[in-house]
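Step one of this worksheet: look at the structure below.
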Amino acid sequence: MFKFSTNKGKAETVVMLNPNEITDFPNHPFKIEDNEEMQKMVKSIEMIGVKEPILVRPKQDGGYEMIAGHRRNFATKKAGLTEIPAIVREMTDEEAVIIMVDSNIQREKILPSEKAFAYKMKMEAIKNQGKRNDLTSCQVGTKLRTDEKIAENSEDSARQIQRYIRLTELIRDLLDMVDIQKIAFSPAVEISYLTKEEQYLLLDCIKRYDATPSQAQAIYLKRLSQEGKLTTDKLEEIMEEEKPNQKQKYKINYDRFERYFPKNVATEKEVEDFLFKCVEEHYIRQKQKQRAMAR
């Protein structure tokens with residue numbers, strides 16, 4: 001065992017626990033993917049073990065509940081180890097949620113859906129804490145709003161936090177499209193105001209027309225929904241409209257053409273101009289050949 005200081009100024013003991021005795025945090029919003037990054041963590045743990053202890057709390061029926069360290073615990077199991085260093089701390093449900101979110105929200109790669117549900121859980125936890133505090137203390141006139149409290153320890157503003165939380169109102173299929181960047185964040189926020197039935201109709205249109213709403217269209221859909229005027233026919237009419245982002249885009253493998261480019265062609269703009277000139281000259285020659293054959 002060894003000890004270290006927490007940010008509360010208290011020394012806490014690190015104990016070794018069996019990772020199989022630790023259950024995941026209920027409704028944990030952060031996904032654990034068995035990808036290349038996870039494989040690197042597994043190999044590291046196989047060689048040097050887990051350096052940073054996880055944080056758990058004891059469960060009433062025995063065993064422990066994970067608060068911070070889900071990925072480390074998963075990797076430890078994958079590595080075949082039977083022990084993992086852990087801090088065992090008693091805490092309320094609200095304290096557990098806040099610590100769980102704060103320990104994950106600063107990760108480099110976070111999906112919009114992960115942020116959305118994490119912020120929502122933290123907001124509800126802080127509100128519940130506030131309700132109990134209000135019973136034992138007087139009201140303070142300059143009390144910060146909950147989203148402002150969250151923003152104090154976040155890279156997102158209070159307004160942006162509210163926008164992320166709106167995403168939790170999306171049906172799962174639409175939210176998945178936000179995660180894979182098929183639907184942009186801002187239009188997704190507007191779409192979240194549609195009823196669930198309207199969202200399923202929109203999903204059907206997206207699949208049939210292979211098109212997603214632009215920001216302007218999403219705002220228009222929201223307004224029609226709030227006015228009770230968003231019919232199936234109207235939704236289809238809107239989704240049939242051509243948008244700039246629906247135009248076909250092509251990716252060219254530069255290596256295939258490199259040997260044909262003049263030495264002075266280097267930038268992306270120069271490559272585009274050169275290819276356009278080649279295509280244009282080919283087009284002109286084809287037209288001249290067609291006219292010659294028609295004579």
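Data table
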{"quantity": "Rounded percent of accessible protein surface that carbon and sulfur make up, the chain, 1.4 Å probe", "calculated": "49"}
{"quantity": "Range in the chain, longest, excluding exposed GluC sites (Glu not before Pro) [loop by DSSP; at most 13 other beta-carbon atoms within 10 Å]", "calculated": "156-226"}
{"quantity": "Solvent exposure of the chain as accessible area per residue, Å², 1.4 Å probe", "calculated": "66"}
{"quantity": "Within the chain, helix-based [θ] at 222 nm, where runs of 4 or more DSSP H residues each add -39,500 (n - 2.57), nearest 500", "calculated": "-16500 deg cm²/dmol"}
{"quantity": "Within straight-line cross-link reach of LYS78, aspartates and glutamates at Cα separation under 18 Å, skipping those fewer than 8 residues along the same chain", "calculated": "GLU21, ASP24, GLU33, ASP34, GLU36, GLU37, GLU46, GLU52"}
{"quantity": "Local electrostatic count, ARG285, Cβ distance below 14 Å [Lys/Arg +1, Asp/Glu -1]", "calculated": "+2"}
{"quantity": "The chain, relative contact order [Cα under 8 Å, separation at least 6], %", "calculated": "11"}
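The values are calculated or read from the model by the stated rules, or taken from the named source; none is laboratory data. Predicted model only: the values in this text are computed from it and were never measured. Using ideal geometry, Cβ is built from the backbone for each residue, glycine included, and neighbour counts are taken over all protein chains shown. Just the protein is used for accessible areas: all its heavy atoms, side chains included, with ligands, DNA and RNA removed. Shrake-Rupley method; radii C 1.70, N 1.55, O 1.52, S 1.80 Å.
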